[in-house]
Amino acid sequence: NVNAQKVKKKETIVIRTSSECDMCKERIEKEMAYTKGVLSATLDVEKAELTAIYKPHKTTPKKIREAISNLGYDADTIKANKEAYNQLPNCCQKGGMSH
């Protein structure tokens, strides 16, 4: 008998971001809600870490990181999209003034 490999239905990843404040949290979590394959995402502002639960057959960690980068934030080793970063409010930019 051939046993089919068991396919994981979901995976969890923690991504280090350059987020600074609650506005960043709202922006990133909202984008993750619209990112194909992401089931849930929670940003810990103090740690600047995003915990995402995703379907590995629908998306990849790289695509999730790229979605964060396209918002203007660093995502692990992927640097923020410069144009998107420049569009962020000052408080959301690295070392920005807090609210």
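So the values come out like this:
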| quantity | calculated |
| --- | --- |
| Principal axis dimensions, largest first and in whole angstrom, of the chain by Cα | 62, 24, 21 |
| Neighbour cut-off at most 10 other Cβ (10 Å), DSSP loop, chymotrypsin sites (Phe, Trp or Tyr not before Pro), the stretch 22-99 | TYR34 |
| Residue-span extension gain [VAL14 to GLU49] - 0.36 nm each, minus C-alpha spacing | 12.0 nm |
| For the stretch 47-62, Karplus couplings with θ = phi - 60° (6.51, -1.76, 1.60), whole Hz, Gly/Pro x | 8, 6, 10, 9, 9, 10, 10, 9, 8, x, 8, 10, 8, 10, x, 4 |
| Alpha-carbon Rg with Dmax, taken over the stretch 44-98, Å | 12.3, 40 |
| Interchain or long-range residues, amide H under 5 Å from SER40's placed H | ILE53 |
| Contour minus Cα-Cα distance for LYS58 and LEU39 (0.36 nm per residue) | 5.8 nm |
| Built amide H within the under 5 Å cut-off of TYR73, gap 5+ | ASN81 |
| Sites matching GluC sites (Glu not before Pro) across the stretch 40-99 that sit in DSSP coil, with at most 14 neighbouring C-beta atoms within 10 Å | GLU46 |
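Read-outs throughout are calculated quantities, based only on the coordinates presented, and are distinct from any laboratory measurement. No experiment lies behind these values; they were computed from the predicted model shown. Neighbour counts run over all protein chains shown; Cβ positions are idealised from the backbone, glycine included.
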